[in-house]
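Trainee: Take a look at the following structure, please.
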Amino acid sequence: MRNLNTVQVPAAPSYWRGRNYAKRYVHGHPDVGALVHETGPLAGLVGRNVLTILDVENLTISGRKLGYELDYAALAKRFNAVADTVHLHAAMSVEPGDKIDSAHMERAGFTVHTRVIERLRDGSRAANSDNVLAFQTGLLVSRARADVVLLGSGDGQLICDLANAIRALPRKRAVWTLSLPGATSKRLDCRHNPAIETNVEVGLDVLVPLAPQRSYEP
């Protein structure tokens, strides 16, 4: 397990976190008790070809609620160390013209699929990349020769819809999920959902604690 007192917080994507998350979630101490030490279970990926598609907004915001930044490069290394072949993809929202967030994920080893944030007339922002994730998942699954499709999100409706669609395809692929405790829909529990083979839980080995009072305001 990494030394939580000396590890440096990686430069992280910023825009899609939502302005209110800094004030609400990063002023306390990291909730270590809610997390497992090591991301897993991953033993079932040994010798398999894996297509990984992450909902970056869901995973990052979920981590920040617990007081942590998710280290996507470390997560990529965990997958690569276990599976025979891993194709890493990530869906995320970015500001118009911004390259920082995408570059961060690309450096971590992911192919990035973006949704450009829009400002609406009522002053709100359209910044949800779920449709991009769903569309790209369909394309990638139809083209890849993966044995396992690992969907990184705790969003029950989104992941259930994708898992059921993948299960209905002629060529069978196992569906796994990746998410954080406290931010995972009960509908994704593989013990009760026949469309999902395994639930992987993000652990402390790929998380670094946020500094108290750290702000994400632009």
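Trainee: Excluding residues on the same chain fewer than 8 positions from LYS186, give the aspartates and glutamates whose Cα lies under 13 Å from its Cα.
Mentor: Cross-link targets: ASP155.
Trainee: Whose amide H sits under 5 Å from the amide H of GLY203, counting only residues 5 or more places off or on another chain, with H placed in the peptide plane?
Mentor: THR39, GLY40
Trainee: Another one. Which value, in debye to the nearest 20, describes the size of the charge dipole of region 41-209 about its Cα centre when Lys and Arg Cβ atoms bear +1, Asp and Glu Cβ atoms bear -1, and nothing else is charged? Provide the component values of the computation, followed by the final result.
Mentor: Working: 20 positive and 19 negative charges, 93 e Å.
In total the dipole reaches around 440 debye.
Trainee: For a quick check: with amide H placed at 1.01 Å from N, whose amide H comes under 5 Å from LEU150's, ignoring anything fewer than 5 positions away on the same chain?
Mentor: LEU51, THR52, ILE53, TRP176
Trainee: Nearest 5 percent is fine: what portion of the DSSP beta bridges confined to region 66-218 is antiparallel?
Mentor: Values: 5 of 20 bridges.
Around 25 percent of the beta bridges assigned by DSSP in region 66-218 are antiparallel ones.
Trainee: How many Å³ per residue does the convex hull of the Cα positions in region 41-209 occupy?
Mentor: Numbers: hull volume 20.6 nm³, N = 169.
Measuring per residue, one finds 122 Å³ for the Cα hull of region 41-209.
Trainee: What are the ³J(HN,Hα) couplings of region 55-63, residue after residue, when phi is run through the Karplus curve with 6.51, -1.76, 1.60 and θ = phi - 60°? Round to Hz, x for glycine and proline.
Mentor: Once θ is set to phi - 60°, the couplings for region 55-63 become 8, 4, 4, 4, 5, 5, 5, 4, x Hz.
Trainee: As a footprinting exposure proxy, order ASP130, ASP161 by other Cβ within 10 Å, with the fewest listed first. Provide the component values of the computation, followed by the final result.
Mentor: On the way: ASP130 19, ASP161 15.
Ranking ASP130, ASP161 by Cβ neighbours within 10 Å, fewest first, gives ASP161, ASP130.
Trainee: Ranked by Cβ crowding within 10 angstrom, fewest neighbours first, how are THR177, THR60, THR39 ordered? Write down the numbers at each step before the final one.
Mentor: Values: THR177 27, THR60 24, THR39 20.
Listed from fewest to most nearby Cβ atoms, that is THR39, THR60, THR177.
Read-outs throughout are calculated quantities, based only on the coordinates presented, and are distinct from any laboratory measurement. Since the model is a prediction, treat every value here as computed from it, not as a measurement. All Cβ positions, glycine included, derive from the backbone under ideal geometry; neighbour counts span all protein chains shown.
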